[in-house]
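Engineer: Structure incoming, see below.
The values are calculated or read from the model by the stated rules, or taken from the named source; none is laboratory data. Because the structure is predicted, anything quoted here is derived from the model rather than measured. Because the Cβ atoms are built from the backbone with ideal geometry, glycine has one as well, and the counts that use them run over all protein chains shown. Areas reflect the complete protein model, heavy atoms only, side chains present, ligands, DNA and RNA absent. Shrake-Rupley method; radii C 1.70, N 1.55, O 1.52, S 1.80 Å.
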Amino acid sequence: SSRTPLQCQSRQRAPFLPRRATRRGNAAMPVQKRPAAKVVAETAVKDVAPPGKRAKLDKAAAKPKQPKVDPIVRQVTEIIKGFGAASVTTSVAEMLKAMLPFALAAHAGDRDKHQQTIVELADGILGEAEANLEAGISEEQAAIAKMEESSPDVQAAVESARRAFEGEEAEMALKKATLAEDARAFRVARARAEQAKSEAASVLMQQQAAASQRQRLLAVECEAKALAEAADGPGGEDGASASRLEAFVAGLVSLGLDASMMAAVPNAFGKPAVARGSFDTMVIAQVLQTLADRLASAAVAESDFEPQRAAAADAVGAADGAFDEAKAAQLASAKAFQEAVKQQDAATATLREAERAAKAHTSQRSALARKERACEGRLDKFRGGPLAAFVTLRDQTAPALGADGTEAAEAVLEKEAEPAIAPVTEPVSESLAEPAAAVGVPAGDLLIAAA
């Protein structure tokens with residue numbers, strides 16, 4: 001046999017063991033699965049799951065299960081939300097919240113006097129809420145209608161202000177062009193006045209130069225005559241004076257006499273009268289004649305400048321007059337332009353104010369339209385939520401009996417099979433302030449334990 005002695009010994013020692021246990025070589029009781037095996041398996045799955053899936057598993061495990069709520073309590077919670085639009089106190093709302101589930105649980109024909117009173121009270125409150133919501137819509141519509149009536153006046157004010165602004169703008173542009181033209185005329189008149197004064201000054205300077213030249217010629221002529229008539233020469237009894245003669249010659253040189261004549265002048269005028277010859281006499285006569293001719297020309301020139309000076313003075317007066325007129329016109333134009341600027345600024349401010357008023361009017365109109373839509377939305381939500389739930393419970397009747405005497409309660413069973421909702425713990429006062437808010441349900445009001 002191919003078996004070992006040990007194997008044979010084992011078979012001999014445990015003949016009573018089952019064949020399966022005998023083959024394994026030891027005996028054991030069947031393994032019983034512990035109740036926590038499922039939790040252990042889930043933990044193992046969570047440990048090997050990816051991070052994203054692990055987070056989802058943790059979130060699902062941490063989410064508490066919501067207890068089921070009676071459908072009537074859920075509907076009453078929805079009804080209480082509608083009380084916020086009515087002038088109902090918190091205590092009344094709390095009372096109805098606790099009593100309505102029992103009053104509405106009975107069918108329309110099966111309610112007692114107290115239940116009917118509670119239903120009628122809730123019906124009146126919801127009717128008041130609906131009336132208040134409708135009144136709110138009516139108020140917004142009336143305000144919108146009033147805004148629509150004033151819209152033409154607001155637009156007319158904007159158009160009037162815009163026309164006034166455009167008129168003042170055109171007037172300011174005209175005044176500005178006039179000021180520019182007057183400023184150009186002022187500059188031209190000022191230049192002409194300055195030119196006339198310059199020409200008058202030049203004529204005066206020329207006349208003064210001619211008078212000065214004549215005076216100088218007169219002085220030289222007087223000295224020449226004195227020297228020509230001196231019997232003992234320029235020095236008198238003391239003899240010839242070289243300095244007097246040099247001064248006389250210098251004066252003749254400044255007059256620009258002929259050089260050949262100037263060469264003979266010192267000798268001719270330096271001798272005494274008795275010692276002069278014919279040449280000396282001729283030189284003296286030529287000098288005196290030249291000086292006389294120069295004096296006559298200077299007198300004529302000086303007299304010729306007089307009318308020129310008068311004409312220049314008249315030109316200066318006319319130019320000054322034109323300059324004064326241009327200056328006054330420029331000042332008047334500047335003042336008119338400043339006034340036009342003020343008027344244009346006032347028209348601009350008026351236009352901006354009218355535009356701001358129109359913009360505010362449009363914004364107010366839009367705000368009223370939004371409020372109207374919000375009121376209509378609240379009314380629709382009220383009618384489709386609290387009011388519809390109340391009407392459904394208020395008007396429900398007992399189900400019809402079947403042929404075997406049982407109630408046809410399929411609809412009731414379907415309603416009871418609806419998903420459960422969590423109990424709401426929000427205060428009733430907040431639900432009254434906003435119809436869309438949830439109303440709290442006490443922890444002991446008709447709660448059904450979770451299966």
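Engineer: When Met147 is evaluated against the numbered criteria (1) in a helix (DSSP H, G or I); (2) modelled with pLDDT of 85 or more; (3) over 30 Å from Gln364 (Cα atoms); (4) of a type outside the set (Gly, Ala, Ser), which criterion, by number, is the only one it fails?
Structural biologist: (3)
Engineer: Taking Leu387 as meeting all but one of (1) in contact (Cβ under 8 Å) with a residue 24 or more places away in the chain; (2) open to solvent by 50 Å² or more (accessible area, probe 1.4 Å), write down the number of the exception.
Structural biologist: Result: Leu387 passes all but (2).
Engineer: In the list Ala157, Ala108, Ala180, Ala142, which residue meets the criterion of being of a type in the set (A, V, I, L, M, F, W, C) and at pLDDT below 90?
Structural biologist: Ala108
Engineer: Tell me which residues, restricted to region 300-340, are more than 30 Å from Met172 (Cα to Cα) and polar (S, T, N, Q).
Structural biologist: Passing the criteria: Ser303, Gln308.
Engineer: Moving on. Any idea how many residues of region 106-119 are open to solvent by less than 50 Å² (accessible area, probe 1.4 Å), among the small types (Gly, Ala, Ser) and touching a residue at least 24 places away in the same chain (Cβ under 8 Å)?
Structural biologist: Within region 106-119, residues that are open to solvent by less than 50 Å² (accessible area, probe 1.4 Å), among the small types (Gly, Ala, Ser) and touching a residue at least 24 places away in the same chain (Cβ under 8 Å) number 1.
Engineer: Kindly evaluate Ala180 against the criterion of being among the small types (Gly, Ala, Ser) and either surrounded by fewer than 18 Cβ atoms within 10 Å (Cβ to Cβ) or touching a Cys at 6+ places or on another chain (Cβ under 9 Å) (or both). First the steps, then the outcome.
Structural biologist: Working: among the small types (Gly, Ala, Ser): yes; either surrounded by fewer than 18 Cβ atoms within 10 Å (Cβ to Cβ) or touching a Cys at 6+ places or on another chain (Cβ under 9 Å) (or both): yes.
When the stated conditions are applied, Ala180 passes them.
Engineer: Among residues belonging to region 356-414 that are modelled with pLDDT of 90 or more and acidic (Asp, Glu), point out the one that is farthest from the chain's Cα centre (by Cα).
Structural biologist: Asp380
Engineer: May I ask you to say which residue of Ala164, Ala185 is crowded, with 17+ Cβ neighbours inside 10 Å and over 33 Å from the mean Cα position of the chain (by Cα)?
Structural biologist: Ala185 is the lone residue from the list that is crowded, with 17+ Cβ neighbours inside 10 Å and over 33 Å from the mean Cα position of the chain (by Cα).
Engineer: Moving on. Checking the condition in contact (Cβ under 8 Å) with a residue 60 or more places away in the chain and assigned to a helix (DSSP H, G or I), which residue from Leu96, Leu133 passes? Show your work before the answer.
Structural biologist: On the way: Leu96 fails: in contact (Cβ under 8 Å) with a residue 60 or more places away in the chain.
On inspection, the qualifying residue turns out to be Leu133.
Engineer: So, in region 262-295, how many residues would count as being aliphatic (A, V, I, L, M), modelled with pLDDT of 80 or more and more than 17 Å from Gln206 (Cα to Cα)?
Structural biologist: Residues in region 262-295 being aliphatic (A, V, I, L, M), modelled with pLDDT of 80 or more and more than 17 Å from Gln206 (Cα to Cα): 8 in total.
Engineer: Oh, and also: Report yes if Glu128 is acidic (Asp, Glu) and either closer than 22 Å to Thr392 by Cβ or surrounded by 13 or more Cβ atoms within 10 Å (Cβ to Cβ) (or both), otherwise no.
Structural biologist: yes
Engineer: Which one is farthest from the chain's Cα centre (by Cα), of the residues in region 297-317 that are small (Gly, Ala, Ser), surrounded by 12 or more Cβ atoms within 10 Å (Cβ to Cβ) and within 14 Å of Arg214 (Cβ to Cβ)?
Structural biologist: Within region 297-317, the match that is farthest from the chain's Cα centre (by Cα) is Ser297.
Engineer: Mind checking which residues of region 124-159 are of a type in the set (Asp, Glu) and more than 19 Å from Lys381 (Cβ to Cβ)?
Structural biologist: Listed by number, the residues that qualify are Glu148, Glu149, Asp153, Glu159.
Engineer: Moving on. Return the residue satisfying two criteria in turn: it lies in region 195-226 and is under 24 Å from Asp304 (Cα atoms) and either open to solvent by 90 Å² or more (accessible area, probe 1.4 Å) or touching a Ser or Thr at 6+ places or on another chain (Cβ under 7 Å) (or both), and of such residues it is modelled with the highest pLDDT.
Structural biologist: Top of the filtered list is Gln195.
Engineer: Can you pull out the residues in region 276-304 that are of a type in the set (D, E, K, R), assigned to a helix (DSSP H, G or I) and under 16 Å from Glu229 (Cα atoms)?
Structural biologist: Once the filter is applied, which keeps residues that are of a type in the set (D, E, K, R), assigned to a helix (DSSP H, G or I) and under 16 Å from Glu229 (Cα atoms), region 276-304 yields only Asp280.
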